[in-house]
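Please read the structure below before turning to the comments.
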Amino acid sequence: NKNQALLRAKMGAFHLNSAKVHFNDKSVNGASELVLDKIDAVVTDIDSKRDSLIKYDIAMRVNNGGKIKSNGNIKRSPIEQNGKIELQRVALKEITPYLQKNTFLKISEGFLSLKSDVSFRESQEKPYIRANGNMKVEDFFLQDSRDNSIITSFVKTDVKSFQFNNTSNYLEIDEVTLDSFYLDAMIDENKTINLAKLMKDQNSTKKEQTN
């Protein structure tokens with residue numbers, strides 16, 4: 001019967017304790033692995049009603065070192081999320097396989113920390129994304145994978161405050177401090193900067209991917 005009310009489902013709370021998830025992306029050379037463990041999650045006020053707000057609180061460990069925490073609420077339809085996210089010393093070296101798709105770069109060390117308020121809202125034209133917080137990268141070393149020479153390094157880059165809004169292509173950074181920065185950049189007799197030679201030949205890259 002079309003006039004019959006749809007079934008409504010509600011659940012007070014859902015708990016997940018000490019879970020573990022292992023991702024292995026073999027689409028890139030060298031395969032990228034991501035292990036999330038010690039996953040604790042609490043989801044409350046679960047309701048199938050379209051405009052209901054579901055609350056969440058999640059914490060996990062990343063690759064046996066870094067930590068991610070997030071809490072907030074989500075509206076089911078249209079999808080809308082408001083909350084906070086915190087990253088504590090998440091290792092960046094796992095990005096290396098993706099960098100090496102088109103470059104000879106590798107991140108041998110580096111840790112990302114971030115605290116931010118985040119909002120997401122579904123839209124037919126363009127999703128709305130907003131972030132407002134601070135971040136830092138510590139103990140960072142970027143190398144040439146062919147000879148392990150250091151391209152750039154620093155002890156810490158600290159972004160004191162940032163605001164981002166994708167709908168207006170807006171990014172504001174209040175203050176950045178850079179500690180013990182090093183960059184190996186040279187221009188040869190042909191006026192070619194050495195950093196340009198870190199890019200892989202696209203034709204060679206396509207052949208490697210085909211093979």
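The figures follow:
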| quantity | calculated |
| --- | --- |
| Options V159, T96, F141, ranked by Cα towards positive dipole end of region 93-211, top entry (Cβ charges) | T96 |
| Accessible surface of region 104-211, 1.4 Å probe, proportion on carbon and sulfur as whole % | 51 percent |
| Debye, to nearest 20: dipole size of region 114-187, +1 on Lys, Arg Cβ, -1 on Asp, Glu Cβ | 280 debye |
| Size of charge dipole - the chain - debye, nearest 20, with Cβ of Lys, Arg +1 and Asp, Glu -1, no other charges | 1080 debye |
| Binned Cα-Cα distance frequencies in the chain - 10 Å width, integer % | 7, 21, 29, 25, 11, 5, 2, 0, 0 |
| Per-residue ³J(HN,Hα) for region 145-159, Karplus 6.51 cos²θ - 1.76 cosθ + 1.60, θ = phi - 60°, Hz, x for Gly and Pro | 5, 6, 9, 6, 5, 7, 8, 8, 7, 7, 6, 7, 10, 10, 8 |
| Accessible area per residue, Å², region 70-211 with all protein chains present, probe 1.4 Å | 64 Å² |
| Residue-by-residue Karplus 3J(HN,Hα) for region 120-135, coefficients 6.51, -1.76, 1.60, Hz, glycine and proline x | 9, 9, 5, 8, 5, 7, 7, x, 9, 10, 9, 9, 8, x, 9, 8 |
| J(HN,Hα) series, region 81-86, from Karplus relation 6.51 cos²θ - 1.76 cosθ + 1.60, nearest Hz, glycine and proline x | 10, 9, x, 10, 9, 9 |
| Unit charges on C-beta of K, R, D, E only; dipole of region 51-109, Debye | 140 debye |
| Lys/Arg +1, Asp/Glu -1 at C-beta; the chain dipole; positive extreme among N169, V118, A41 | A41 |
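The values are calculated or read from the model by the stated rules, or taken from the named source; none is laboratory data. What you are looking at is a predicted structure, and each value in this text was computed from that prediction instead of being measured. So basically every Cβ, Gly included, is an ideal-geometry build from the backbone, and we count neighbours across all protein chains shown. Note: accessible area is taken over every heavy atom of the protein model, side chains too, but ligands, DNA and RNA are not part of it. Shrake-Rupley method; radii C 1.70, N 1.55, O 1.52, S 1.80 Å.
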